[in-house]
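Working notes, structure below.
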Amino acid sequence: MADFIDVYLIPFLWILGGVLAIVVPLLLAVAYVIYFDRKIWAAIHLRRGPNVVGPWGLLQSFADGLKLLLKETVVPSGANKGVFFIAPMLMFIVAAVAWAVIPFDEGLVLADLNVGVLYLFAISSLGVYGIIMSGWASNSRYAFLGALRSAAQMVSYEVSIGFVIVTVLLCVGSLNLSDVVMAQESAWFFIPLFPVFVIFFISALAETNRPPFDLPEAEAELVAGYQVEYSSLTFALFWLGEYASVLLMCAMTTTLFFGGWLSPFDNFVFNWIPGMDAFNEFVPGVIWFLLKTFFFFFIFSWVKASVPRYRYDQLMRLGWKVFLPVSLAAVIIVAGFLVGFDMLPNAA
Amino acid sequence: MILHALTFYLFAAIAVAAGFMVISSRNPVHSVLYLILAFFTSAALFVLMAAEFLAMIMLIVYIGAVAVLFLFVVMMLDINFVELRKGFLQYLPIGALIGVILAIELIFIVGTWTFGGDTTLVAATAQPMVIEGGNTEAIGRVLYTDYVYAFQAAGIILLVAMIGAIVLTHRSRPGVKKQNITEQVHRSPTEAVELRDIPPGQGI
């Protein structure tokens, strides 16, 4: 019995605690990030944004959540019920489970997988299923068109994201996300790999269906695309899943290109300032990680507010005819550079 | 170890059940969804065997790419199920024959199966190998040294298949309007826009 407690129960409770410690703040972060998004958007439009519920409108997301909770769930008569309800759940689950491998600080990671990058890539490629299934199960033309667009779009941009990740991995020599961050101690990867970073960021916008690539839910032509038939909590799950995956993409950008939990002041530009070492010691890495992630979220909403929607054929052209060849060339150039100058990490 | 075994049987049972549902469900889209479930559980089985690289590749390639396109196509098919099932029974004899032959072969193989020597020894050696640097590195080492020619040949075959698919399906239809992005971007207002001063009430 003692054996059972030591071998199974205690590790299980540790993992459960870790999961809760990630998911609860994630949900809170999503609630406030939606508010943040609306405020930024409003500021760019010279509006006020949500400012009625709570001080400065801070409780707006909770009011919206409560409203959705109390609404009636409408199921279209021709809908495929099982798939119709699984789709939003899948969308949210996929966005949440990917956080398991994100390193928030040195050693502060739920699952320190040695294929962490691949796991992240695999999970983000599953996000498309929620959308396709919802579009098909709703038995509606608009929803189906949205789902088809989304499937083609996400599959196309995944290819260039994959190649971008390969270039980063070439410079790291490991698939572990903590190793990816530690490899950036001397220089964050966005400096040597800037063009690749730009491709990654734009592909991340397309992968999360954010404007200017929000064609799956283009309200001007498709009403709301794959979410047309959803109401109440099922709609809320789509909403939460979408923002959780946007945050995930921001965290991924931070980890792959902006040094994860590393302090931005811990380099030769700032190290001569007296007391800088103590400051870097004092501020925990998780603060830097979150600040960087929210900074990228700010850029996401900035883009959303200021760029018009792409036309579908241009979207496909950008993905296949521009990003794919450029990222493929980047892989070859980076690999050639590393081999030619004998800079390969942990070369045997 | 008991937990390991229980997890294995759980995932194996789900995989087999999903595989059965692929062929027995009435709706082809449900079939594809069950196929995806089968892929997913087999990825989980790879993880149990400590082959995490293969598991992730399974997720990325099969679920993330192949099955998405598969689902994409199947959803757009317009199948009449009543018509599809009409001639169903006429294939029963030949199907049954193949089934019986396969069953006999399986019985022969399983019936003559003998465990070499001490079975506990076999079970002990079947544990996952612990490789220096993880199995990602191990696969990379083998693939790019011992099997580099086979690997390159597989790549070339895939490339040829891709070109073949494009050549076979690509038709250039006359009279279709196409957008040329460079042409569009390089248009100047002088040749595209004309300003006219129109007196009121006359039109052009």
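Which residues, taken from segment A:124-153, are of a type outside the set (Gly, Ala, Ser), open to solvent by 10 Å² or more (accessible area, probe 1.4 Å) and more than 8 Å from chain B (Cβ to nearest Cβ)?
A:139, A:141, A:142, A:145, A:149
What are the residues in segment A:200-232 that are modelled with pLDDT of 85 or more and open to solvent by 30 Å² or more (accessible area, probe 1.4 Å), if any?
A:202
What number of residues in segment A:65-113 are touching a helix residue (DSSP H, G or I) at 6+ places or on another chain (Cβ under 9 Å), farther than 20 Å from residue A:125 by Cα, in a helix (DSSP H, G or I) and away from every other protein chain (no Cβ under 14 Å)?
4
What residue, of A:271, A:280, is open to solvent by 50 Å² or more (accessible area, probe 1.4 Å), among the polar types (S, T, N, Q) and at pLDDT below 80? Spell out the reasoning first.
On the way: A:280 fails: open to solvent by 50 Å² or more (accessible area, probe 1.4 Å).
Result of the check over A:271, A:280: A:271.
I'm trying to understand the selection: among the residues of segment A:154-186, which are open to solvent by less than 40 Å² (accessible area, probe 1.4 Å), more than 12 Å from chain B (Cβ to nearest Cβ) and assigned to a loop (DSSP other than H, G, I, E, B)?
A:183, A:184
Among the helices (runs of 4 or more DSSP H) contained in segment B:129-204, which hold 2 or more residues that are over 26 Å from residue B:47 (Cβ atoms) and of a type outside the set (Gly, Ala, Ser)? Working first, answer last.
Values: elements: B:134-145, B:148-169, B:181-185, B:189-192.
Those helices (runs of 4 or more DSSP H) span B:148-169, B:181-185, B:189-192.
Tell me which residues, restricted to segment B:21-64, are in a helix (DSSP H, G or I), over 24 Å from residue B:143 (Cβ atoms), within 12 Å of chain A (Cβ to nearest Cβ) and without any contact (Cβ under 8 Å) to a residue 12 or more places away in the chain.
B:30
Quick one: in segment A:1-34, which of the residues that are surrounded by 13 or more Cβ atoms within 10 Å (Cβ to Cβ) and of a type in the set (Gly, Ala, Ser) is farthest from residue B:4 (Cα to Cα)?
Here the answer is A:31.
Given the conditions (1) open to solvent by less than 10 Å² (accessible area, probe 1.4 Å); (2) modelled with pLDDT under 85; (3) not hydroxyl-bearing (Ser, Thr, Tyr), and given that residue A:108 satisfies all but one, which numbered condition is not satisfied?
Condition not satisfied by residue A:108: (1).
For segment A:317-346, how many residues are outside any helix (DSSP H, G or I) and either touching a strand residue (DSSP E or B) at 6+ places or on another chain (Cβ under 6 Å) or touching a residue at least 60 places away in the same chain (Cβ under 8 Å) (or both)? Working first, answer last.
Let us first name the residues in segment A:317-346 that are outside any helix (DSSP H, G or I), namely A:341-346.
Now drop any that are not either touching a strand residue (DSSP E or B) at 6+ places or on another chain (Cβ under 6 Å) or touching a residue at least 60 places away in the same chain (Cβ under 8 Å) (or both), which leaves A:344-346.
So the count comes out to 3.
Give segment A:289-302 a look and list any residue that's among the hydrophobic types (A, V, I, L, M, F, W, C) and open to solvent by less than 30 Å² (accessible area, probe 1.4 Å), or say none. Spell out how you get there, then give the answer.
Narrowing segment A:289-302 to residues among the hydrophobic types (A, V, I, L, M, F, W, C): A:289-291, A:294-300, A:302.
Result: A:289, A:296, A:297, A:300.
The values are calculated or read from the model by the stated rules, or taken from the named source; none is laboratory data. All values reported here derive from a predicted model rather than from experimental measurement. Because the Cβ atoms are built from the backbone with ideal geometry, glycine has one as well, and the counts that use them run over all protein chains shown. Surface areas here come from the heavy atoms of the whole protein model, side chains and all, with no ligands, DNA or RNA. Shrake-Rupley method; radii C 1.70, N 1.55, O 1.52, S 1.80 Å.
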